[in-house]
Each structure stands twice: as structure tokens, then as C-alpha cells.
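The values are calculated or read from the model by the stated rules, or taken from the named source; none is laboratory data. Source: prediction; values computed, not measured. Glycine gets a Cβ as well: all are built from the backbone with ideal geometry, and neighbour counts include every protein chain shown. Ligands, DNA and RNA are stripped out before the accessible areas are found, and what is left, the full protein with its side chains, is counted by its heavy atoms. Shrake-Rupley method; radii C 1.70, N 1.55, O 1.52, S 1.80 Å.
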Amino acid sequence: MQSSAKHLLSLVNSLLDFHRLDAHKMDVNRVTFNPHQLFDTIYVSFKPMANAKHLLLEYDCGEPLNRLYIGDPFRTRQIVENLLSNALKFTQKGSITLRAALENGQLHFSISDTGCGISKENQNKIFNRFEKLDENAQGTGLGLNICSIIAGRLKGEVKLDKNYTGGARFLFILPLDSVPDK
């Protein structure tokens, strides 16, 4: 019953996010945060789920991210968690890797997996609304669409690495403003 309730809450939240985004009512809340700490927290929260599926969850976060920047940690976390959830959903064996780094003043992160991958014919559809590539998969088919819209509102982008052959790899680039040293 608890699992069903969580699933239903997740569906409702996805639909509410979609509605807010569609109505241009999503707020970007730029605050000071430490990206390294944010990624550490996300990694720790997903580790038990990966362990439960006997998957290796690899993590690498560049040390330059271990300082204060200005951005929207809530929306950044929303994107990372959605991509990690998808990787867990579509990976039955092997590993999932979360990498984050600072490159040219931008946050670059990737999530790659050894899952089933995305066929060439489906690669151009995955960011569409209500697009479910697997009819048996749970969810609304809105997650990647929401990630794409949020990334755009944050002046960043999320995309599929179409050359990756190990399963799937998603890349996210987000501008970050440094907090001046005092």
C-alpha cells in the first residue's frame, strides 16, 4: 500500500510540475549553495536503491564544485533525481555513474548506465510530452520533458549522448555564478 501511495504521489507531482511549467508558473530560485554537497546528498539517497537492485552506483564530483555558487539547487536536484530514477528503472544489471564537474564556469554532470539503452528511432522522441518508450514502465512519460523545460529555464540544457553505447548517458550543462571570496 505504501509503495502504491508513493507511486501515486509521484504521478500527481509530475502532472503538477508539468502544469506549472506549461503555464509558465515555475519559479527559478537562485540562491547560494554548494554543488558538491548537493551531489553528495543525492548520491547517498540513491545508493540504497542501487544496492537493492545489486547495481554499482559510481560517483565522481570534482573538487572545484566544493565551494559556494549561485544557482537553483532545488531544480538542479529535481533534474538529477529524475535522471537517476530513470537509470535505476531501466538498468537491470551493471552500473550507473554520476559525474559532476566544473568546466568553463558551468556545471557539467552526466548520468550513464549499462541499461537497455534507447533505440535510434526513439532518441528524438524521449524529451516529448507523455512519451513512454516502454508501455510497461511506470510513470507518466513527462519526466524527461520536465527536465528539458527546467534546464531551459535555468539557461542550461539536458541532452542524450547519442554516441554512447553502454546503455544511456544524459548530459546536463548549467551556468553557475561564483560567490565572490570575502
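Considering Val28, Val12, the condition of being β-branched (Val, Ile, Thr), closer than 16 Å to Leu144 by Cα, open to solvent by 20 Å² or more (accessible area, probe 1.4 Å) and at pLDDT below 95 is satisfied by Val12 alone. Return yes or no: is Asn51 on the phi > 0 side of the Ramachandran plot and exposed (fewer than 13 other Cβ atoms within 10 Å of the Cβ)? In short, no.
Exactly one residue out of Ala87, Ala137 is at pLDDT below 80 and in contact with a Phe, Trp or Tyr (Cβ under 9 Å, 6 or more places away or on another chain), and it is Ala137.
What tally of residues in the range 149-168 results from selecting those that are surrounded by fewer than 18 Cβ atoms within 10 Å (Cβ to Cβ) and part of a loop (DSSP other than H, G, I, E, B)?
Total meeting the criteria: 7.
Scanning the range 54-78 for residues that are open to solvent by less than 60 Å² (accessible area, probe 1.4 Å) and within 22 Å of Asn145 (Cβ to Cβ) yields Gly71, Asp72, Pro73, Arg75, Thr76, Gln78. So for the range 144-158 (the condition being closer than 18 Å to Met49 by Cα, at pLDDT 90 or above and of a type in the set (D, E, K, R)), does at least one residue qualify? Checked the range 144-158: no residue is closer than 18 Å to Met49 by Cα, at pLDDT 90 or above and of a type in the set (D, E, K, R). Reported count of residues in the range 44-63, each being in contact with an Asp or Glu (Cβ under 9 Å, 6 or more places away or on another chain) and not in a strand (DSSP E or B), is 4. Among the residues here, Ser119 qualifies as over 16 Å from the mean Cα position of the chain (by Cα) and modelled with pLDDT under 95. Among the residues of the range 141-168, those identified as within 11 Å of the chain's Cα centre (by Cα) and not small (Gly, Ala, Ser) are Leu144, Ile146, Cys147, Ile150, Val158, Lys159.
Residues in the range 79-125 that are outside any loop (DSSP other than H, G, I, E, B), touching an Asp or Glu at 6+ places or on another chain (Cβ under 8 Å) and open to solvent by 40 Å² or more (accessible area, probe 1.4 Å): 2 in all.
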